[in-house]
Amino acid sequence: MRPRSCVADTSSKPSSLVRALETFEEQIACDLLKGANTLNLLQVSRTMRVVMKRLQSRVVIKAKRGNTYKTIANGMLEIMKICTIITIDLSNHGLNAKDAEVLVTALGLCASLAHLDLGGNSIGAEGAEALAAALGQCTSLAHLDLRGNGIGDDGAGALVQVLGQCVSLAHLDLGDNCIGAAGAGSLAAVLWKCASLARLDLCDNEIGDEGARSLAAILSQCASLAHVDLSDNEIGDEGVGRLAAVLWKCGSLAHLNLGDNEIGAEGAERIAAGLGQCASLAHLDLGYNRIGNAGAWSLAAVLGQCGSLAHLNLGDNEIGARGARRLAAGLGQCASLAHLDLGNNRIGNAGARSLAAVLGQCGSLAHLDLRWNEIGAGGARSLAAVLGQCRSLAHLNLRWNEIGDEGARSLAAVLGQCRSLAHLDLRWNEIGDEGEKIRQQVQKQCELFL
């Protein structure tokens with residue numbers, strides 16, 4: 001798990017807000033051109049020119065912070081008097097808490113605002129608190145993105161005071177915000193009121209097992225929930241067990257990401273226990289955990305019941321050859337499977353042979369990732385024997401294995417039969433002279449990485 005910084009930028013950066021205001025003007029112009037009259041567009045342009053002229057002069061001479069922000073706020077208020085704003089996207093503009101306070105003044109007049117994206121800034125808890133004061137008036141808000149702002153538990157706690165009033169909210173992204181168990185608990189207390197919530201993204205936080213328990217208590221009440229991302233959250237077997245017990249009651253759930261947590265064989269077993277009840281699940285990501293051979297066996301036993309499953313990521317899970325063998329038996333029953341990632345699992349030649357035995361049955365398979373798996377020439381021969389049967393295969397990743405020239409020759413002999421293949425990665429495989437022969441053979445057929 002990557003290191004995080006939860007320190008918000010509290011410095012005065014009027015130049016950042018200048019750029020944000022310029023972006024704001026462009027968005028307004030686009031909205032107006034779609035349906036507003038020319039007079040309104042001219043009024044907006046004239047207002048913005050006056051505001052920008054005043055603002056730029058203050059930035060150049062480094063005028064007092066208060067005057068600069070007052071100019072910005074007044075300019076935005078003038079715009080609001082002319083326009084009906086539907087979308088505001090000021091992501092990645094270097095905005096801080098003070099900037100958020102300025103935006104709040106304008107947001108209070110945006111009764112029709114449906115989409116607000118402030119992701120990738122540094123508004124912190126203080127900015128989130130200021131924002132919360134205005135969001136309650138945005139009754140049409142359907143999309144809120146505050147990813148990567150360092151709002152923490154305090155900021156999350158402030159937002160919940162108004163999220164329950166956002167009855168139209170369908171998409172909530174609070175990823176990468178240093179939110180812990182307390183913040184997750186605060187969110188859980190109000191999310192069930194968001195009847196339209198379809199997408200919840202809390203990835204790259206620190207909610208842990210305790211936070212997962214809090215969310216589990218209410219997620220089954222979110223009937224519209226289709227997309228849940230809780231990856232990289234330090235969730236272990238106990239927390240994922242609580243989630244698994246209720247997520248399958250979300251009849252609309254189609255996308256579940258629990259990757260990069262601390263899920264072991266026990267957690268995988270509890271996930272497997274509910275998979276068969278999740279008829280709509282199309283995307284399951286359990287990559288970068290430690291489910292091992294035993295966890296793979298548990299999942300394999302129920303994969304045949306997942307009729308809608310199209311994307312399965314079990315990469316970096318210590319599955320090994322035995323786990324791959326058992327998993328292969330279940331994969332052969334996944335008629336809809338289009339994307340399979342088993343990278344970095346040390347499956348070796350034996351695991352590659354097991355998979356090869358069923359790949360021909362996966363008629364929809366378009367993307368196969370077997371990188372970094374200790375596959376040698378023997379495993380490459382096994383795969384080569386069935387590649388011609390994989391009519392939909394477009395992307396094959398075998399980099400960081402031990403295929404060598406002998407394995408490369410086996411693959412080269414069948415590549416001409418793989419009419420759908422568009423991307424082949426064989427880098428770092430100890431391939432010598434055979435590499436050039438393969439390149440000549442497939443150069444007109446697909447993108448080759450050697």
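Taken together, the values in this text are just the output of simple stated rules run on the coordinates, not laboratory data. What you see is a predicted model, and the numbers here were worked out from it, not measured in a lab. Please note: Cβ atoms are built from the backbone with ideal geometry, for glycine as well, and neighbour counts cover all protein chains shown.
Please give the Cα centre distance for region 286-312 versus region 98-169, rounded to the nearest Å.
37
For region 263-450, calculate the relative contact order in percent as a whole number, restricting contacts to Cα pairs under 8 Å that are 6 or more residues apart.
Relative contact order, region 263-450: 15 percent.
Give me the mean projected area, in nm² to one decimal, of the convex hull enclosing the Cα positions of region 263-450.
Seen from a random direction, the Cα hull of region 263-450 projects 8.7 nm² on average.
Which of the peptides 424-433, 207-216 is most tightly packed, and how do the rest follow, judged by the mean count of other Cβ atoms within 10 Å per residue?
Put in order of decreasing packing, that is 207-216, 424-433.
How much length, in nm to one decimal, is gained on full extension between GLN445 and LYS249, taken as 0.36 nm per residue of separation minus their Cα-Cα distance?
So the chain would gain 66.0 nm between GLN445 and LYS249.
In a shell of Cβ-Cβ distance under 14 Å around GLY378, excluding GLY378 itself, what net charge do Lys and Arg (+1) and Asp and Glu (-1) give?
-1
Let me spell out the model: positive unit charges on the Cβ of Lys and Arg, negative unit charges on the Cβ of Asp and Glu, origin at the Cα centre of region 263-450. What dipole size does that give, in debye rounded to 20? Let's see the in-between values first.
On the way: 17 positive and 17 negative charges, 92 e Å.
My answer is approximately 440 debye.
Project the alpha carbons of region 131-197 onto their principal axes and report the range along each, largest first, in whole Å.
Sorted largest first, the three principal extents are 27, 20, 19 Å.
Under Stokes-Einstein, with the Kirkwood radius over Cα pairs standing in for Rh, what whole-number D in µm²/s applies to region 247-310 at 37 °C and 0.692 mPa s?
My calculation gives 281 µm²/s for D.
Taking K and R as +1 and D and E as -1, what net charge do the other residues with C-beta under 9 Å from the C-beta of GLY155 add up to?
On the way: positive: none; negative: GLU126, GLU129, ASP153, ASP154.
Overall, the nearby charge balance is -4.
Summing +1 for each Lys or Arg and -1 for each Asp or Glu, what net charge is found among the other residues whose Cβ lies under 12 Å from the Cβ of LEU225?
Working: positive: ARG199, LYS249; negative: ASP201, ASP229.
Residues close to LEU225 contribute a combined charge of 0.
Determine, from the Cβ-Cβ distance of ALA217 and GLU436 and an R0 of 45 Å, the FRET efficiency 1/(1 + (r/R0)^6), rounded to the nearest 0.05.
Rounded to the nearest 0.05, the efficiency is 0.15.
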